Amino acid sequence: MSENKAPKLDFIRTIVATDIANDKNDSRLVTRFPPEPNGYLHIGHAKSICLNFGLAEEYEQGVCHLRFDDTNPAKEDTEYAEAIKEDVKWLGFDWGDNLFYASDYFDQLYDYAVQLIEMGKAYVCSLNAEEVREHRGTLTEPGKDSPYRDRTVAENLQLFTAMKNGEHEEGSHVLRAKIDMASPNMNMRDPAIYRIRKLDHHRTGDKWCIYPMYDFTHCLSDATERITHSLCTLEFADHRPLYDWFLDVLQTRDHPQQIEFSRLNLTYTVMSKRKLMQLVQENMVNGWDDPRMLTISGLRKRGYTPASIRDFCKIIGISKRDSSTDMGILENCIRNDLNPIAPRRMGVLKPLKIVITNYPEDQEDEIICKNHPKDEGMGTRTVTFGRDIWIDRDDFMEDPPKKFFRLGPGREVRLRFAYLVTCDEYIKDENGEVVELRCTYDPESRGGSAPDGRKVKGTIQWVSVKHGLDCEVRLYDRLFKSENPEEDKDVDFKENLNPDSLQVLTNCKIEPSIANTKVDEQIQLERVGFFCLEARTSTPDSIVLNRTVTLRDNWAGKQGTKTPKMNKK
RNA sequence: UGGGGCGUAGUUCAACGGUAGAGCACAAGGUUUUGAUCCUUGGCGUUGUAGGUUCGAAUCCUACCGCCCCAGCCA
């Protein structure tokens, strides 16, 4: 933890610190996280959550609201809102009493709209959607005024009321702000502020058939909640003049400051809700919480901890540059978090049987194993050793290179915490595949060190054939095979899906103590990676493990021969 | 070709007029009964380009170049 290091403030924190020092907003600090409940939260939202809630935590007077931006009944649902609350909580943040919905403000927003009309700053436009588009002009040409732009206040009021009362069809009218059709900023060309939608809203039911637009709703919700700093992503920078316009014209008591920062991009994945939704709906993944998804719920299922995600958000920082963060950084964060706290266990993913020929048939050994190599406080456990042992297939090579520190014909290796064994022969089946090793052990090497002091470089994990448990292990890899799946506009991003992103191993062997692992508890399988229980599928009788992340493997990189890992570059 | 935003090591970010730094990545050592962890050490940049102001510029000015965003009755 770098808590004590000189805190380098990002540009937003610098602004906030300055504002507080200058007693702006009476030194209040109120931020908000404003998700639309139309999908699940992902790691990009985590960045925003950590910024908004994190900032509030950094100041004694700081407060962060959770506000649902639920102004579009066609897309939103309570299911999403509930999932979002759970995710924010899980990340470790607390909105206290400050849970709001933009829909809570519908009455007030309606009044504001009426005020705008009365001021002559808004009008009901009866152009259809296509006509509106034609009147809007282009990036380089100014728009044309709507023929309805000069309706009288009385007429506008009457029409708007009729809209509210459901007397008009969807699409027949829209309430627009009267600003400037020639503005170089498209957002200022008389933007729509209310549209007719004869749809039930997940919270207000059938009370409304007109719904306010984002630009109108957001700034006024912020002002109503007395938000001081309204943080959003870069694409809203062009909306800021409009944000300010509404608040200025309506002379709200408070005028929050909108500040934009760049959104998070990660290599080997996609971040847009629309695309994530597509993966879910087309069954390319198993739901929003598929461990390969970079959703909060997916990461949770994968075994990521809230602390690791918060650490990640801290490390990547805040700026206004378009950037793409290496997936390896995220992985590094979870390794760092888990390494000191995850108890070590032994497991074999691809079992290969070895028979220790000079070990008595019915003999057993109770081997004491440390739960953590550096933390004595984590205690020990006992694992039973016997004549028949599983080791990992990858830990044997028929014709190993010199620097292969594991098993090969005539080579000696240490079975972790147990004995030194030497491979005398290997047995192949009719397909030429190695199916069993015959080894001899050094009875004097109990615990793993030789009495004569000879050095044995390699140590491998093992599981007793008699005592080990069967287990299913799910290995996850990056969801996409290309660093930027969206790079080529002519290629559907789904073409870049990694076909091997999920590998299910059903014949794994694990030491019995793993049966006691609890949901939400991470373990490290030594030399393999960090794992957690597959909460939905795993039972004490039929264990299923999810691999959170591999251990770092410098050797694989040097060899260039092993299967690529997510962190390989 | 209108408007807005952004260009600093491989990457993510600092430095806000005074010899360009950090994390991650990378490389080389050491420790190690996990090829993990941990500890040392190392290099990495014509600060997008070209001018200008200044004793001094990543920082200020000018021009140019490149990338991103905006023409939903989405957020």
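Values quoted throughout were computed directly from the atomic coordinates according to the rules given, and no laboratory measurement underlies them. Just so you know, these numbers come straight off a predicted model, no measurement behind them. Glycine gets a Cβ as well: all are built from the backbone with ideal geometry, and neighbour counts include every protein chain shown.
Please work out, to two decimal places, the log10 of the ratio I(q)/I(0) at q = 0.14, 0.17 Å⁻¹ from a Debye calculation in which every Cα of region A:311-460 carries one identical scatterer. Normalising to I(0) and taking log10 leaves -0.80, -1.02. Put simply, the C-alpha atoms of region A:373-510 give a gyration tensor, and the ellipsoid matching it has half-axes of 37, 20, 17 Å, longest first. Computed per residue of chain A from DSSP H runs no shorter than four, each worth -39500 (n - 2.57), the mean residue ellipticity at 222 nm is -7500 deg cm²/dmol. Put simply, the convex hull of the Cα atoms in region A:179-227 casts, on average, a shadow of 4.6 nm².
Dividing the alpha-carbon radius of gyration of region A:163-301 by the rule-of-thumb value 2.2 N^0.38 Å gives 1.32. In this Cβ point-charge picture (+1 for Lys and Arg, -1 for Asp and Glu), region A:76-220 has a dipole of about 520 debye about its Cα centre. Label reach from residue A:425 (point 7 Å along Cα→C-beta): in region A:348-383, amide nitrogens under 14 Å belong to A:355-358. Between the Cα long axis of helix A:240-249 and the first principal axis of chain A there is an angle of about 40°, rounded to the nearest 10. Between residue A:108 and residue A:89, the modelled labels are 2.5 nm apart [label points 7 Å from Cα along Cα→Cβ]. For region A:480-485, 3J(HN,Hα) computed residue by residue from phi via the Karplus equation (6.51, -1.76, 1.60; θ = phi - 60°) reads 10, 8, 10, 4, 10, x Hz, glycine and proline entered as x.
Applying 1/(1 + (r/R0)^6) with R0 = 51 Å to the Cβ-Cβ distance of residue A:384 and residue A:275 gives a FRET efficiency near 0.55.
Summing Cβ point charges (Lys, Arg +1; Asp, Glu -1) relative to the Cα centre of region A:347-461 gives a dipole of roughly 680 debye. Our note on the geometry: Cα centres of region A:349-394 and region A:9-64, 51 Å apart. About its Cα centre, chain A has a charge dipole of approximately 1620 debye under the convention of +1 per Lys or Arg Cβ and -1 per Asp or Glu Cβ, with nothing else charged. Principal-axis analysis of the Cα atoms of chain A puts helix A:11-21 at an angle of about 60° to the longest axis. Normalised by the number of residues in region A:470-559, the mean separation of alpha-carbon contacts (under 8 Å, six or more apart) gives a relative contact order of 32 percent.
Scaled to the globular estimate 2.2 N^0.38 Å, the Cα spread of region A:470-559, given as radius of gyration, is 1.33.
Residue A:206 sits among other residues whose Cβ lies under 14 Å from its own Cβ, and their net charge, with Lys and Arg +1 and Asp and Glu -1, is +4. Rounded to 0.05, the FRET efficiency of the residue A:74 and residue A:553 pair, given R0 = 56 Å and the Cβ-Cβ distance, is 0.70. Charge tally for residue A:95 (other residues, Cβ to Cβ under 13 Å; Lys, Arg +1; Asp, Glu -1): -2. Using a cutoff of 8 angstrom between alpha carbon atoms and counting only pairs six or more residues apart, the relative contact order for chain A works out to 11 percent. With a cut-off of 9 Å between beta carbons, the residues surrounding residue A:225 carry a summed charge of +1, where Lys and Arg count +1 and Asp and Glu -1.
Work from the charge dipole of chain A (Cβ charges, +1 for Lys and Arg, -1 for Asp and Glu, about the Cα centre) and give the residue of A:544, A:109, A:367 farthest towards its positive end. My answer, from the dipole projection, is A:367. Spherically averaged projected area of the convex hull of Cα atoms, region A:110-214: 6.5 nm². Three principal axis extents describe the C-alpha atoms of region A:279-370; from largest down they are 68, 35, 19 Å. Across all directions, the average projected area of the convex hull around the alpha carbons of chain A is 32.3 nm².
With a Förster radius of 41 Å applied to the C-beta separation of residue A:226 and residue A:403, the computed FRET efficiency comes to 0.05. Between residue A:8 and residue A:361, the contour length at 0.36 nm per residue exceeds the alpha carbon distance by 120.7 nm.
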